[in-house]
Amino acid sequence: MSTLLVIAKAPVAGRVKTRLTPHFTPQQAADLARAALEDTLAAVLATPAEHRVLVLDGRPGAWVPEGVEVVPQVAGGLDVRLAAAFSHVDGPALLIGMDTPQVTPDLLARGLDFGGTDAWFGPADDGGFWALGLAEPDPALFLGVPMSVSHTGREQRRRLTASGRAVRDLPELCDVDTPADAAQVAAALPGSRFATFHGGLCAVTR
């Protein structure tokens, strides 16, 4: 049974997208995070998969659509939380975050196709990664990988190949971390929730 996993924080002011401030207020940053998460979950729902799981830090709200199961994140570093996310599945799975609302169902479907590979790796332009798929989930592949540093992606991909798995790459995407990232992603997503809300904020601040 194929599973799409989304690891995310609830869009609460002061707890998400803090690097978007002070350009945006904490509430505006949280609203942008919610828009990004809603766009991401919409893509997840439009992707053929037997199981869709939101691994959430915080309380779910009305922004969680039907068809998405919510499970809580465990305590610990990001490596521990990613490992725990994969412990919820026992078949092929693709994990993504909430920072790439430009993700499409086609991209996600590609990352769930393990016909010619054991793993998929989606690099982010900040040196991290936006997606990781495993034909046979193994939580231990994440433990001890340094997270949120410029070489996180390189180290995580090296861990995959060192395990003997065949690894294929998905396209590099921009994570929404900074105001410049938000502007870049919004420009690439006309008509999306994220772009619409971002455009409204920018109009107000001009």
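Results, tabulated for the structure shown:
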| read-out | value |
| --- | --- |
| Subset of the stretch 147-172 (residues that are touching a residue at least 60 places away in the same chain (Cβ under 8 Å) and closer than 11 Å to G128 by Cβ) | M147, S148 |
| Count of residues meeting criterion [open to solvent by less than 40 Å² (accessible area, probe 1.4 Å), under 21 Å from G122 (Cα atoms) and in contact (Cβ under 8 Å) with a residue 60 or more places away in the chain] in the stretch 173-193 | 9 |
| Residue pairs meeting the criteria (Cβ under 9 Å; at least 6 apart or on separate chains; first at positive phi, in the stretch 119-137; second of a type in the set (V, I, T)) | G127/V149; G127/T152 |
| Subset of the stretch 46-74 (residues that are more than 21 Å from K17 (Cα to Cα) and out of contact with any Pro (no Cβ under 6 Å at 6 or more places or on another chain)) | P48, A49, E50, H51, R52, V53, P65, E66, G67, V68, E69, V71 |
| Residue match in the stretch 20-41 (condition: touching a residue at least 12 places away in the same chain (Cβ under 8 Å), part of a helix (DSSP H, G or I), surrounded by fewer than 17 Cβ atoms within 10 Å (Cβ to Cβ) and touching a helix residue (DSSP H, G or I) at 6+ places or on another chain (Cβ under 9 Å)) | no |
| Scope the stretch 43-65; condition open to solvent by less than 50 Å² (accessible area, probe 1.4 Å), among the hydrophobic types (A, V, I, L, M, F, W, C) and without any contact (Cβ under 8 Å) to a residue 40 or more places away in the chain; matching residues | V64 |
| Flag for V89 being modelled with pLDDT under 95 and not hydroxyl-bearing (S, T, Y) | yes |
| Breaking point among (1) hydrophobic (A, V, I, L, M, F, W, C); (2) under 21 Å from G128 (Cα atoms); (3) open to solvent by less than 30 Å² (accessible area, probe 1.4 Å); (4) in a helix (DSSP H, G or I), for V80 | (3) |
| Extreme residue, least open to solvent (accessible area, probe 1.4 Å), among residues of the stretch 128-172 that are of a type in the set (F, W, Y) and under 18 Å from Q102 (Cβ atoms) | W130 |
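Per-residue answers, yes or no, for (1) closer than 23 Å to R110 by Cβ; (2) at pLDDT 95 or above:
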position: A131; (1), (2): yes, yes
position: P137; (1), (2): yes, no
position: A140; (1), (2): no, no
position: T152; (1), (2): yes, yes
position: T161; (1), (2): yes, yes
position: R165; (1), (2): yes, yes
position: R168; (1), (2): yes, yes
position: E172; (1), (2): yes, yes
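Residue-wise test of (1) β-branched (V, I, T); (2) under 16 Å from the mean Cα position of the chain (by Cα).
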residue: L141; (1), (2): no, no
residue: A166; (1), (2): no, no
residue: V176; (1), (2): yes, yes
residue: D181; (1), (2): no, yes
residue: V185; (1), (2): yes, yes
residue: A188; (1), (2): no, no
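The values are calculated or read from the model by the stated rules, or taken from the named source; none is laboratory data. It should be emphasised that the depicted structure is a prediction, and the values quoted were computed from it without experimental measurement. Counting neighbours? That spans all protein chains shown, and the Cβs are built from the backbone with ideal geometry, glycine included. SASA here: full protein model, heavy atoms, side chains in, ligands and nucleic acids out. Shrake-Rupley method; radii C 1.70, N 1.55, O 1.52, S 1.80 Å.
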